[in-house]
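The values are calculated or read from the model by the stated rules, or taken from the named source; none is laboratory data. These figures come from a predicted structure and were not determined experimentally. All Cβ positions, glycine included, derive from the backbone under ideal geometry; neighbour counts span all protein chains shown. Accessible surface areas use protein heavy atoms only, side chains included; no ligands, DNA or RNA. Shrake-Rupley method; radii C 1.70, N 1.55, O 1.52, S 1.80 Å.
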Amino acid sequence: MTKEKKIKYRYLKLIDVINKHNLLYHTYDSPVISDTEYDHLYKELKDIENKYPSIISEGSPTQRVGSQLLDYFEKREHEQPMLSLSNAATENDFIDFYDKLNTNNNINDIEMFAEPKFDGLAVNISYENGLYHNATTRGDGYVGEDVTQNVKTIKSLPMVIDNASLPKKFSIRGEVFIDKKDFTDINQELRIKKQKEYSNPRNLAAGSIRQLDPAVANSRRLRLFLHGIAQTDSFINFKKHSDLFAHFNDIGFPINKYSRVLSGINECLSYFEEMSKQRESMPYEIDGLVYRVNSFDKYKSLGFTSKSPKWAIAYKFKSLESLSRILSVTYQVGRTGTITPVAELEPINIGGVKVARATLHNFSEISLKDIHIGDYVYVKRAGDVIPDIDRVELSKRKSVKKIIPPKKCPSCNSTLIKIDNQVAYKCTNHKKCIPQIEQSIIHFIARKAMNIQGIGNQIIKELVSKKIILRSSDLFTLTESDFQKLDRVGEKSIKNYLLSIDSSKKVMFSKFIYALGIKEVGESSARALATEFESLNKLLRCKYDDLVGINDIGPVVATNIISFFKDSSNVSNITNLISSGIDVIYKKNKTENLLSVVITGSFDNYKRSDLSEILEANGYKISNTLSKKTNLLICGNKPGSKLEKAQSYGIKILYEKELAMLLAEFH
């Protein structure tokens, strides 16, 4: 054997040995060698790669962490939609679901596969020819972000698998999460560095996966459990979910050990009670259980709704709660000036997360629950939701103080007003109140608005605090030197920020209207306005009577719109936005707006979001709900119940092969 062949043989042997030890350590939690022995093997592998870089294999454990910083995350359409699950909030909800399954299948005790519902970030992971290929976030269920490099850093995920019994190409779905202990440790590290801490493990996991630098994701101790597949038809060697996932476990995929096959309603409910008791002692957060029919054959007969499969359900746990004492009450200012009272608490631990604040919502809620400063209260936290106060422990009430609504804005010291027929107190100084300025610009750059990607909330807040920007149009005057005044912002980030701002300038009229942040004008109202008015100039000159007859625009919203456009500073901001080069895309023909279109299923050559934008721009009204008034159903793969409904109503149906002809008419 030549020297080159010996080196290649040793190199491949090291990869195989190290990957097996990674599997034993990270997936099965059963290491058979010491850390020192592992480090020696890893060093030998690195030495070979450093000396012979042409030999480096994608399957090498050294290649988990990419060295190249990403500029942004590419979008990727899911081959099969990542639908959400229906929820059961009570035992009766779950029993109704289970009874319906039995009725639809003409059997008594349908077999279920159940496991914990992990509180993390959903991802789709693809393999080709036994090799890790790519990973995509759930996104909107149809289009997600390419996080291939960051998911690759999760050490429990195998890069190479034995795919003898599996399809050449397949996708497996799972949840990226962070252990409670690691969450606490990472927040402690951030605190020492005086960086922003994460509110809960889910936010930390999601934030880590969306880091442009894979090395940061690698440092965050991300974990993964796999729980589903994209296409059951591909797995011809397996008839049951439990059998397939037992095989996945055998070949090294991280599968949760608490999963169980159940038969009958009593077994299902007993499992829920058992896991409810174990929940707090588990090293990671779960917020319920997922039950799915175990037989793949039943998936086809049960089918899907437009939003979720009919063969699975998430049965949620009750919110975790803990007793704490209210030390004081502070006040936050929202985007529209609404004041929200916040309870400052004696720090408590709820489900492994430190909680020191809870929202009080409004003063009506405070009065209704009879909450006072000094009270002992039960604080609830459910998943990603901001903790709130459920009730007062009156037996512990001693010396308490009434919560009095403030008279002045906590930020700008302006006099607050009480809104008639509402429970809210508001600051009306929206032009100078810093939190309102910050939140209005954050709203403007959001994905559903101008979609200026990559610029986080903290960057906006710093730009505002340093008076570099004070309204949304100022974003389009920013230069490199402006960003250089910020803390810890590098040259590459600055270039990406400026590119992202410039790339956002072409925008649908409806999204531009929504981005303006007119009070109570949401996405639906913005679309209605974009449909009714052929141009921005016509919208600016609209009258109250023009507005009240439009769908989704009632008297209150109409008044808000008129008030917004009467404000000269708002009109000046809009003028500056247009002068900066924003290209607003209008619907082409108002007379075609009578055509109502529903889109269902996934498409081989189109993204649903792109289809919606193209059709809206050409005079079609896009709706999520199919009714007898719907003019057209555009039907993709796996359309669910909407196709049958459209057929029964006699609605025209357009399939993907015919779609190209319709789209060609717009050019």
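Right, Ser395: of a type in the set (Gly, Ala, Ser) and either assigned to a strand (DSSP E or B) or touching a Pro at 6+ places or on another chain (Cβ under 6 Å) (or both) or not? In short, no.
The single condition among (1) aliphatic (A, V, I, L, M); (2) in contact (Cβ under 8 Å) with a residue 40 or more places away in the chain; (3) under 14 Å from Tyr331 (Cβ atoms) that Ile404 does not meet is (2).
Residue-wise test of (1) buried (at least 17 other Cβ atoms within 10 Å of the Cβ); (2) under 22 Å from Ser579 (Cα atoms).
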{"position": "Ser465", "(1), (2)": "no, no"}
{"position": "Arg488", "(1), (2)": "no, no"}
{"position": "Ser493", "(1), (2)": "yes, no"}
{"position": "Asn496", "(1), (2)": "yes, no"}
{"position": "Thr531", "(1), (2)": "yes, no"}
{"position": "Ser535", "(1), (2)": "no, yes"}
{"position": "Tyr544", "(1), (2)": "no, no"}
{"position": "Ile553", "(1), (2)": "yes, no"}
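A search for C-beta distances below 8 Å between a residue of segment 514-533 that is closer than 18 Å to Val571 by Cβ and any residue that is of a type in the set (D, E, K, R) and assigned to a loop (DSSP other than H, G, I, E, B), counting only pairs 6+ apart in sequence or on different chains, returns Tyr514/Lys448; Gly517/Arg335. When segment 173-199 is limited to residues that are of a type in the set (A, V, I, L, M, F, W, C), touching a helix residue (DSSP H, G or I) at 6+ places or on another chain (Cβ under 7 Å) and not in a loop (DSSP other than H, G, I, E, B), the one that is nearest to Pro61 (Cα to Cα) turns out to be Val176. For segment 243-269, the set of residues classified as in contact with a Ser or Thr (Cβ under 8 Å, 6 or more places away or on another chain) and either over 28 Å from Lys152 (Cβ atoms) or open to solvent by 50 Å² or more (accessible area, probe 1.4 Å) (or both) consists of Val261 only. The residue pairs whose first member lies in segment 625-642 and is more than 16 Å from Phe603 (Cα to Cα), whose second member is in a strand (DSSP E or B) and open to solvent by 30 Å² or more (accessible area, probe 1.4 Å), and whose beta carbons are closer than 8 Å, counting only pairs six or more residues apart or on different chains, are Thr630/Ser623; Asn631/Lys652; Leu632/Lys652; Leu632/Ile653; Ser641/Phe304.
For segment 436-460, the tally of residues that are assigned to a helix (DSSP H, G or I) and either open to solvent by 70 Å² or more (accessible area, probe 1.4 Å) or farther than 20 Å from Thr336 by Cβ (or both) stands at 3. Can you work out which of the residues in segment 375-399 that are open to solvent by 50 Å² or more (accessible area, probe 1.4 Å) and among the hydrophobic types (A, V, I, L, M, F, W, C) is modelled with the highest pLDDT? Residue satisfying both the conditions and the ranking: Leu394.
Under the condition of being among the aliphatic types (A, V, I, L, M) and out of contact with any helix residue (DSSP H, G or I) (no Cβ under 7 Å at 6 or more places or on another chain), the residues counted in segment 288-327 number 7. Cβ-Cβ contacts under 6 Å between residues 6 or more apart (or on different chains), taken from a first residue in segment 329-353 that is closer than 12 Å to Val379 by Cβ and open to solvent by 40 Å² or more (accessible area, probe 1.4 Å) to a second residue that is among the hydrophobic types (A, V, I, L, M, F, W, C) and modelled with pLDDT under 95, are listed as Pro347/Ala356. In this structure, Val17 does not satisfy being in contact with a helix residue (DSSP H, G or I) (Cβ under 9 Å, 6 or more places away or on another chain), modelled with pLDDT under 80, surrounded by 13 or more Cβ atoms within 10 Å (Cβ to Cβ) and of a type outside the set (Lys, Arg). Where strands (runs of 3 or more DSSP E) fall entirely within segment 43-161, those with at least 2 residues that are buried (at least 21 other Cβ atoms within 10 Å of the Cβ) and not charged (D, E, K, R) are at 111-118, 121-128, 131-137. Of the helices (runs of 4 or more DSSP H) contained entirely in segment 565-661, those carrying at least 2 residues that are open to solvent by less than 20 Å² (accessible area, probe 1.4 Å) fall at 568-579, 608-617.
Here Asp474 fulfils each of the conditions (1) closer than 22 Å to Ser503 by Cβ; (2) modelled with pLDDT under 95 apart from (2).
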